[in-house]
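Sharing a structure, written as structure tokens. Questions coming.
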Amino acid sequence: MHVEYNVEGGDFSNAGSASSQIKKILKQLNVDPSLIKRVVVALYEAEVNVVAHAYRGVIDADINPSGIYITVKDEGPGIPDVELAMTKGYSTASKEVREMGFGAGMGLPNISENADKLSIDTVVGKGTTLNIEIRF
Amino acid sequence: MKISEICSLIEGTVVIGEYRMDDEVEYAFASDLMSDVLTVKIQNFILLTGLCNVQAVRTAEMSDVPYMIICRNKQVTPDMLEVAEESNIVIICTRFSMFKCAGILYVNGLKPVY
């Protein structure tokens, strides 16, 4: 099964709606609840990152019996130093993002903790693509 | 501890999810930082927060948190109620601070996640 969602940068009122849809699909497929939690936490963090940092993005998810393969591709500023961005507590989030309860520098590390495999392709000034794999 | 008991201890008002008042919960976590809530590995705990916006409820949804306490008399918005209803999340509002709620619930037997 393949699903695709668009995410708008800055649209905090809808941040999480794609993750919510994917959570519903995984529940309908009777995926183990602890796996669903890992998937949606990783995806929600990635979705919030697009809303917080990028202009727009697309979430692609392939779900099959062996696992879920998610690509979160954004058009945005990119990440100048991925290693630094993966450091717990490091954040470039705006005051507005922090007021929403995010921007604590825990997003990428948390995605990595929940994923079986994470890769980050980023070009400064163009955008970032996350490839997230979680096996069932 | 029953949700109804929690409600009475913190003098809370249930704004949505009254049908779950007999549910039992064992663990609690208090934070205004949703990124922190998303790192909690267990499910089925009660979240105490001072953050009153739709992302707080979305975070509860993603983290499998069925119960929330919003501290310090904040006004729950229609978009928060919509997400809570969709996900069967109970929202309790109280005039007490997060510190006071946490203290009361801790001495009455709710366990910390960490």
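Given the conditions (1) under 16 Å from the mean Cα position of the chain (by Cα); (2) under 14 Å from A:N131 (Cβ atoms); (3) surrounded by fewer than 19 Cβ atoms within 10 Å (Cβ to Cβ), which single one is not true for A:G67?
Answer for A:G67: the failing condition is (1).
Please work out which residue is farthest from the chain's Cα centre (by Cα), limiting yourself to segment B:84-106 and to residues that are surrounded by 20 or more Cβ atoms within 10 Å (Cβ to Cβ) and over 18 Å from B:S8 (Cα atoms).
B:A84
Answer yes or no as to whether A:A104 is within 14 Å of chain B (Cβ to nearest Cβ) and either at pLDDT 95 or above or surrounded by 15 or more Cβ atoms within 10 Å (Cβ to Cβ) (or both).
yes
Does any residue of segment B:82-92 turn out to be of a type in the set (G, A, S) and closer than 14 Å to B:I16 by Cα?
Yes, segment B:82-92 has at least one match.
If you don't mind, there's one more thing I want to ask. On the basis of being of a type in the set (D, E, K, R), surrounded by 19 or more Cβ atoms within 10 Å (Cβ to Cβ), part of a helix (DSSP H, G or I) and at pLDDT 95 or above, does A:E113 make the cut? Don't jump to the end; show me each part of the working.
Values: of a type in the set (D, E, K, R): yes; surrounded by 19 or more Cβ atoms within 10 Å (Cβ to Cβ): no; part of a helix (DSSP H, G or I): yes; at pLDDT 95 or above: yes.
Considered against the rule, which asks whether it is of a type in the set (D, E, K, R), surrounded by 19 or more Cβ atoms within 10 Å (Cβ to Cβ), part of a helix (DSSP H, G or I) and at pLDDT 95 or above, A:E113 comes out as no.
Please go through segment B:7-43 and give me each residue that is small (G, A, S), within 14 Å of chain A (Cβ to nearest Cβ) and assigned to a strand (DSSP E or B), ordered by number.
If the condition is that a residue be small (G, A, S), within 14 Å of chain A (Cβ to nearest Cβ) and assigned to a strand (DSSP E or B), then B:A30 is the only one that fits.
Pull up segment B:44-60, narrow it to residues that are at the interface with chain A (Cβ under 7 Å from one of its Cβ atoms) and of a type outside the set (V, I, T), then point me to the one that is surrounded by the most Cβ atoms within 10 Å (Cβ to Cβ).
B:R58
The values are calculated or read from the model by the stated rules, or taken from the named source; none is laboratory data. The structure displayed is predicted, hence computed values, not measured ones. Cβ atoms come from the backbone with ideal geometry, glycine included; neighbour counts cover every protein chain shown.
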